[in-house]
Amino acid sequence: MFFEIEDNGIGMQPDTLARLLSVFFSTKGSRGTSLGLFIAKKAVNQHNGRIGAVSEPGHGSTFRIWIPR
């Protein structure tokens, strides 16, 4: 199965994108737990899948999740 989620937000800088799926990484400061995408990555990995994101500043982001059948 393949899922693709896109937004039309402000996009991310390459350094943010590189750390996006790391535990306790956040761009929101103290307004969250910084665990959401890390937990998503862990769940996808447990199903032998892959998760990633592509983004360009000013052009939004696309998250891609692939899980084998």
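For beta carbons closer than 6 Å, sequence separation of 6+ or different chains, a first residue in segment 55-69 that is under 14 Å from L20 (Cβ atoms) and a second that is among the hydrophobic types (A, V, I, L, M, F, W, C) and exposed (fewer than 14 other Cβ atoms within 10 Å of the Cβ), the qualifying pairs are F63/I5; I65/F3. Each residue in segment 8-27 was checked for being within 12 Å of the chain's Cα centre (by Cα) and either part of a helix (DSSP H, G or I) or acidic (D, E) (or both), and 4 pass. Reported count of residues in segment 48-69, each being farther than 14 Å from N8 by Cα and aliphatic (A, V, I, L, M), is 3.
The criterion of being assigned to a strand (DSSP E or B) and touching a Gly at 6+ places or on another chain (Cβ under 7 Å) does not hold for I5. Of all residues in segment 45-60, exactly one satisfies the criterion of being within 18 Å of F25 (Cα to Cα) and either acidic (D, E) or more than 9 Å from the chain's Cα centre (by Cα) (or both), namely S55. Just the residues that are assigned to a loop (DSSP other than H, G, I, E, B), among the hydrophobic types (A, V, I, L, M, F, W, C) and modelled with pLDDT of 95 or more, please, taken from segment 28-69. Of everything in segment 28-69, just one residue is assigned to a loop (DSSP other than H, G, I, E, B), among the hydrophobic types (A, V, I, L, M, F, W, C) and modelled with pLDDT of 95 or more, namely I67. Within segment 1-37, if we keep just the residues that are surrounded by 14 or more Cβ atoms within 10 Å (Cβ to Cβ) and polar (S, T, N, Q), the residue that is farthest from P57 (Cα to Cα) turns out to be S34.
The values are calculated or read from the model by the stated rules, or taken from the named source; none is laboratory data. What you are looking at is a predicted structure, and each value in this text was computed from that prediction instead of being measured. Because the Cβ atoms are built from the backbone with ideal geometry, glycine has one as well, and the counts that use them run over all protein chains shown.
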